[in-house]
Amino acid sequence: PFKAAVDAGCLSIMSAFNDLNGVPASGSRKLLTDILRGEWGFEGFVVSDYTSEQELIAHGFAEDGRDAARLAFNAGVDVSMVSGLYLEHLPSLVASGEVSMGRLDEAVRRVLTTKAALGLFDDPYRGTDVAREKAVVGSRDHIELSREAGRKSVVLLKNDNNLLPLNKSQKIALVGPFADDVDNVWGPWTIWGAPERRVSLEAGFRAAMTDPQALTVARGSGVETPLDGGIEEAVRAAEGADVIVLAIGESQKMSGEAQSRTEIVVPAPQMALVDAMAALNKPMVVLLRNGRALALEGNVKNAQAVVVTWFLGEQMGHAVADVIFGAHGPSARLPISFPHKSGQQPYSYDHKNTGRPANPDLPVEEYKARYRETTNTALYPFGFGLTYGEVVYGPVEMASDQLPWNGTLDVAVTVTNRGAHAAEELVQLYIHDRVASLTQPGRLLKDFKRVSLRPGQSQTVRFTLNPRQLGFIGEDGAYRIEPGLFDLWLAPHAQGGSAAQFRLIGPA
C-alpha cells in the first residue's frame, strides 16, 4: 500500500514509531532514502511522526537529542514534528559537518516545492475563510453525509430469527452506558467537533420511533465501573419492554494509540448489566461501541442480535437508528477478525499454516498447532457482515482452469437473495498460492465487488485476474510472480465461500 501511494503521487510520507529489523523507521536510511527515493522514486518530503525522531533515544538508537536529530535528518526525515530537535541542533550539526549543507538544502527544497505545488505561497489558507466556514461546516449536506457514512459503517454480526429490523411501534428499553451518551461518538484521535450537533442513541431512536414515549432509557452501569442502583434501574426500565437494546462496549479513551488491553472483552460491570437483562428472557439486541476487535462472551455472544457500531461521529444516533429500524440495511463488513478468546490475539485472517496444522474436525490433537480451549478460527472473520436479506452463493464459474503468463482469467459467481429484504452483498475474491519460494498465507484478499439485490434477485458477479495480482515480495525484497497451482474463493468473508483451483502458466 505504501508503494501504491507513492505511485499515485502522494506528496508526503510520515516515518513511523516502530523499528524494522532493529532499526527505528525514523533513523533508517535504508527505508527513507534507499528504498523510498532510490527504488520507488518518491519526490515529496518525509515528516516524522509525533516526536518519533526524539524517540530514537528511548529506542536506544541515539545517545541524546543532538544524536537523534543527526541520525533522523541524515536518514531522510525532512521535517521534525513537535520535538524541536531540528530547531535546536541542526545549526551546530551543519557547522560541524555532521549534516551537509547539501542535505539541508535538499530538505528545504522539498518542503518549498510542495508548498508551491499546492499554491500555498499565493493563498496560504487555500480558499478557507470565516464566511465559507459558516456556509459549509455543519451544512445540511455535510450532516447528511456524516449520517450516511455512519450507517454504511454499521456491521451486523448476528440476527437470529430476523429480530432486526425492529418495529418502530414496539416498546423498547435502551439500556447501557452509551444509551444517552454523546461524549463517545467521535472516537479517539479526532479533532474538536461541534458538541451541539452530537446525536445520542436515545435521540436517534426517539426520532425514528412511532411513539417516542415507547422508549425507556437507563444507563445501568458505567463503562468500567458500576453505578449505584444502576442495574435495578435498568431492570425497571426493561420490564415492560418488548425488546431490550443494550448499548455497551468501550469508551473512546479505551481505544486508539497507547490503549492496549490484556482482555479484549466487554468490561465486567457492563457484563453484570447484560446478565441482568438476559435474565428477563426478552429479545435482546447488543449494540457494540468499540474501536477494536472484541472477544464476545456469555450473554453478549448469546444475544439474538449483535451489531458493531464503532464510533460513528456526531450523527451516530441517527445513523444507528436508520439501520436498526430498517430505513437502511446493514452493508458494512469487518475490516478485522473477532476472535473467540482474548488469547488468540493478535489474530489476522491472512495467517500462514504451520508445519503441523491442526485438523479442525479433531479438536484434540497432540503436537499440532492449536488452542486447548478453542478453535484456531475467528468467531467473526475478516470480511464478515450480515444483511437483512439472505444471500446464497453458487459455484465458482471459470472461463478456464489456467491463467496464461501474459493473459487474464475471468471468474464469476452467482449470488441470490432468498430473503424478504433487499441486501447489499460484498463479494470477496481470495487466493492461496499452493507452493512458492516463500511460505504464503492461507488466504489473501485480492478483489471485491458490492452488489445490490432485491428480494428474490440473482446477479452474476465477475472478476478478472491477472498474474500481477498473484505475486509477493521475495527474500531479496523484489516483487516475484511464480507459476503454479492456486486456490481461489469467491466468498462473503475470509472463512467461507465457493472454492475452485487454477494454474498460473509460466512464460514460454
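Only the coordinates and a few stated rules stand behind these numbers; no lab work does. Note that the coordinates shown come from a computational prediction; the quantities given were computed from them, not determined experimentally. Cβ sites come from the backbone with ideal geometry, for glycine too, and all protein chains shown count toward neighbours.
At-a-glance table
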| quantity | calculated |
| --- | --- |
| Amide H contacts under 5 Å for Gly249, placed H, 5+ residues apart | Arg289 |
| Ellipsoid equivalent to region 162-269 - semi-axes via the Cα gyration tensor, in Å | 26, 18, 12 |
| Proxy reagent accessibility, fewest Cβ within 10 Å first, across Phe486, Phe448, Phe384 | Phe448, Phe486, Phe384 |
| Taking the convex hull of Cα positions in region 2-117, its mean projected area over all directions (nm²) | 6.9 nm² |
| Antiparallel DSSP beta bridges within the chain, percent to nearest 5 | 65 percent |
| Hz values of 3J(HN,Hα) by residue in region 404-411 - Karplus curve (6.51, -1.76, 1.60), Gly and Pro given as x | x, 4, 10, x, 9, 10, 8, 10 |
| Loop-located GluC sites (Glu not before Pro) in region 381-452, at most 12 other Cβ atoms within 10 Å (DSSP) | none |
| Peptide ranges 189-198, 342-351 listed from the most packed, as the mean C-beta count within 10 angstrom indicates | 342-351, 189-198 |
| Total formal charge among the other residues, if their Cβ is under 12 angstrom from that of Ser139, Lys/Arg +1 and Asp/Glu -1 | +1 |
| Dipole magnitude (debye, nearest 20) for the chain, charges at Cβ of Lys, Arg, Asp, Glu | 1120 debye |
| Base-10 log of normalised Debye intensity for region 244-313 (one unit scatterer per alpha-carbon) at q = 0.13, 0.15, 0.22 Å⁻¹ | -0.35, -0.46, -0.93 |
| Mean separation of Cα contacts under 8 Å, 6 or more apart, over the residue count of the chain: relative contact order % | 11 percent |
| Given charges at beta-carbon only (K, R positive; D, E negative), |dipole| of region 391-504 in Debye | 320 debye |
| Selection from Leu11, Val199, Asn21 lying farthest towards where the dipole of the chain points positive, charges on Cβ | Val199 |
| Only Lys, Arg (+1) and Asp, Glu (-1) charged, at Cβ; region 42-88 dipole about Cα centre in debye | 40 debye |
| Residue-averaged [θ]222 nm for the chain, counting only DSSP H segments that reach four residues, each worth -39500 (n - 2.57) | -6000 deg cm²/dmol |
| Which of Ala234, Ala508, His432, positive extreme of dipole for the chain (C-beta unit charges) | Ala508 |
| Kirkwood Rh, angstrom, the chain [1 / mean 1/r, Cα pairs] | 26.5 Å |
| Farthest positive-ward along region 2-117 dipole, Cα basis, beta-carbon charges - from Ala58, Val79, Ala116 | Ala116 |
| Calculated log₁₀ intensity ratio I(q)/I(0) where the Debye formula runs over C-alpha points of region 139-324, q = 0.17 Å⁻¹ | -1.08 |
| For Ala237, net neighbour charge (Lys/Arg +1, Asp/Glu -1) across residues whose Cβ lies under 14 Å away | -2 |
| Percent RCO, i.e. relative contact order, over region 1-129, from Cα pairs under 8 Å lying at least 6 residues apart | 23 percent |
